[in-house]
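Working notes, beginning with the structure itself.
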Number of protein chains: 2
Amino acid sequence: MAIKKDASKNIKEVLRDQINGKLLLPLQKLPSERELSELFSITRISVKSALDSLEIEGLIYREDRRGWFVSPPRVKYNPLSRCHFHQMISEQERIAETQLLGVKSMMAPSSIATILALSELTPIHVLERLRYIDGRAVLFVENCLISEFFPDILSENLAQSLTTLYEKKYGFKNSRSHFDFIPTSAPEHVAHALNIRPGQQILKICRVNYNQHHQIIDCEFEYWRPDAVIISIDNRESF
Amino acid sequence: MAIKKDASKNIKEVLRDQINGKLLLPLQKLPSERELSELFSITRISVKSALDSLEIEGLIYREDRRGWFVSPPRVKYNPLSRCHFHQMISEQERIAETQLLGVKSMMAPSSIATILALSELTPIHVLERLRYIDGRAVLFVENCLISEFFPDILSENLAQSLTTLYEKKYGFKNSRSHFDFIPTSAPEHVAHALNIRPGQQILKICRVNYNQHHQIIDCEFEYWRPDAVIISIDNRESF
DNA sequence: ATTGCCATATGGTCTAGTCCAAACTATTAT
DNA sequence: ATAATAGTTTGGACTAGACCATATGGCAAT
């Protein structure tokens, strides 16, 4: 009786072995849920439950109504480094792309006003961008800029590094950033952009940036596909 | 037709509203899955799916065969601060406890040897500890110490701060730490200790510590209940 | 070549149950 | 009082289907 496992444990172990043993390669499609349920003689619900679990582990991911696929290796991401996104990714021999989804100008809603430490009605620009690694959408980014710091920014190419733009066009240097990392679920608009289910787990990063005059100039919300990233931080002391 | 929602969306929204509106308070028990399925006239599977989703969001958590409960607010955790766990928690007016689960002495397996940059067979001590906030087990910690750096450490009280012990007994100061933050799922022994399902999402933190001589002396694996924590890091530049 | 349409494959969601194991509770025997 | 026991409640796991919405690819009309 020690050999016999739960149905879902068995399929999980088999698939994990296949992936770890490189019999299933990154980006490769798994058999459909119906095929798996026949192969393992279990119902589709049990198959789904096993796949859900492997998804949480970060081994596979789903594309809505297309199927299940093996996750590529995670990229290392050091938010504290000066390095731009594209540079950081290409150093890992992966290909990064950035797509500008849209720009809105509005009054800061209370949730954002709190983060930006605004005490009165203040206009902001909100950029929505989607970032790809090796062609897969893995990161949804929302930048909220305090408009008065960035006159005429909307005429620039906003698919590039904002940090560079801040410095070249406005002379801003980063003096401080604050980061919050929160394991939570994807809001509707994020889920849609990343082609994941609303409510799926995600790693949310809230970043607040200060310029060289110690003023908060913008904040950023990053939503990472949880299987795509390792946050990697090195902390050397200066003493 | 715009009013009618999916069954699971409806129950999710109702429960989320109840929690956000403080009608359901932290640590309070939700009605049982069977009661909810009757209340909302949906099957238990749909109820479970909605609860799963709220769990991922971090609003509720389950205790095996006991029920579903409203998550307390997240604690802020800054791994880069010098601050001890107990101090950090009590500054947030929460109560921290630490329980030593066990100590093993062994040869470093390859996975750990790699992290500790060991090139040959090396004895290590492995401490397993469980940390509670307000009586709830939220953090499983595994410390892997290179034995030769810590003679006689097993005779000490290991439920206290290890950092303090390193300094007082061995004169070690931390000169550098490296952190990896990985959203993944709970391994079996971790799930058991935290009373969560094997395979449930977790935030894993791998930490490697260097002493004042720039030697790696130990590493630590932290497994956080994902609804219990916000990682909060402040990055001031020195230029 | 392009466009529009349709069939198919696929995952998303749901119904209506069953059986099981662990946690808890109330009762009973000592 | 204490300990053993039996019943109840609870979530965990599963069966065996159903219908829906969308992504895709092939085909036909333009």
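Considered as an equivalent ellipsoid built on the Cα gyration tensor, chain B has semi-axes of 40, 19, 16 Å, the largest given first. Placing +1 on each Lys and Arg Cβ and -1 on each Asp and Glu Cβ, with no other charges, gives the protein assembly as shown a dipole about its Cα centre of roughly 720 debye. If the chain linking A:Gln28 and A:Asp64 were pulled fully straight, counting 0.36 nm for each residue of separation and taking away their Cα-Cα distance, it would gain 11.4 nm. Legend: mean number of C-beta atoms from other chains within 10 angstrom of residue C-beta atoms, peptide A:221-233, equals 4. In this structure B:Ser105 has an accessible area near 70 Å², from a 1.4 Å probe over the protein heavy atoms.
With the dipole of the protein assembly as shown worked out from charges on the C-beta (+1 for Lys and Arg, -1 for Asp and Glu) around the Cα centre, which of A:Tyr166, B:Phe85, B:Tyr166 lies farthest toward the positive end? Of the candidates, B:Phe85 comes out farthest on the positive side.
Remark: the stretch B:23-115 carries a charge dipole of roughly 220 debye about the Cα centre, counting +1 on each Lys and Arg Cβ and -1 on each Asp and Glu Cβ. Remark: mean inter-chain Cβ contacts per residue of B:106-117 equal 0, using a 10 Å Cβ-Cβ cutoff to other protein chain atoms. In terms of packing, defined here as the mean over residues of other Cβ atoms within 10 angstrom, the peptides B:187-196, A:58-67, A:17-26 line up highest first as B:187-196, A:58-67, A:17-26.
Once the mean of 1/r is taken over each pair of separate Cα atoms and inverted, the protein assembly as shown shows a Kirkwood hydrodynamic radius of 24.5 Å.
Inter-chain Cβ neighbour count for B:137-144, averaged per residue, equals 0 (cutoff 10 Å, partner chain atoms only). The stretch B:7-70 gives an Rg/Rh value of 0.91, both radii derived from C-alpha positions and Rh following Kirkwood. Taking the charge dipole of chain A about its Cα centre, with +1 at Lys and Arg Cβ atoms and -1 at Asp and Glu Cβ atoms, the residue from A:Ser37, A:Leu101, A:Ile153 reaching farthest to the positive side is A:Ser37.
Report, in cubic angstrom per residue, the convex hull volume of the C-alpha atoms of the stretch A:132-239. Provide the component values of the computation, followed by the final result.
Details: hull volume 15.1 nm³, N = 108.
Taking only Cα atoms, the stretch A:132-239 has a hull volume of 140 Å³ per residue.
Label point of A:Asn157 (7 Å along Cα→beta-carbon): distances to the other copies' equivalent points are 6.2 nm, sorted ascending.
Considering only alpha-carbon pairs that sit under 8 angstrom and 6 or more positions apart, the relative contact order computed for chain B is 19 percent. Distant-in-sequence amide contacts of A:Phe150, defined by a placed amide H-H separation under 5 Å and a gap of 5 or more residues or a different chain, comprise nothing.
Helix content alone sets the calculated 222 nm mean residue ellipticity of chain B: runs of n ≥ 4 DSSP H residues at -39500 (n - 2.57) each, divided across all residues, give -7500 deg cm²/dmol. Label-point spacing at B:Gly102 relative to the other copies reads 5.4 nm, in ascending order, each point sitting 7 Å out from Cα along Cα→Cβ. Summary for A:His84: label point 7 Å along Cα→Cβ; distances to the equivalent points in the other copies, ascending, 4.6 nm.
Of all beta bridges that DSSP places with both ends in chain A, some 95 percent have antiparallel geometry. If the limit is 29 Å between Cα atoms, which of A:Lys173/B:Lys76; A:Lys104/A:Lys173; B:Lys48/B:Lys104; A:Lys204/B:Lys29; A:Lys76/B:Lys12 go over it? Those over the limit are B:Lys48/B:Lys104; A:Lys76/B:Lys12.
Its Cα centre serving as origin, chain B has a Cβ charge dipole (Lys and Arg +1, Asp and Glu -1) of approximately 640 debye.
The values are calculated or read from the model by the stated rules, or taken from the named source; none is laboratory data. These numbers come from a predicted model, not from an experiment. Positions of Cβ are backbone-derived with ideal geometry, glycine not excepted, and every protein chain shown enters the neighbour counts. Ligands, DNA and RNA are stripped out before the accessible areas are found, and what is left, the full protein with its side chains, is counted by its heavy atoms. Shrake-Rupley method; radii C 1.70, N 1.55, O 1.52, S 1.80 Å.
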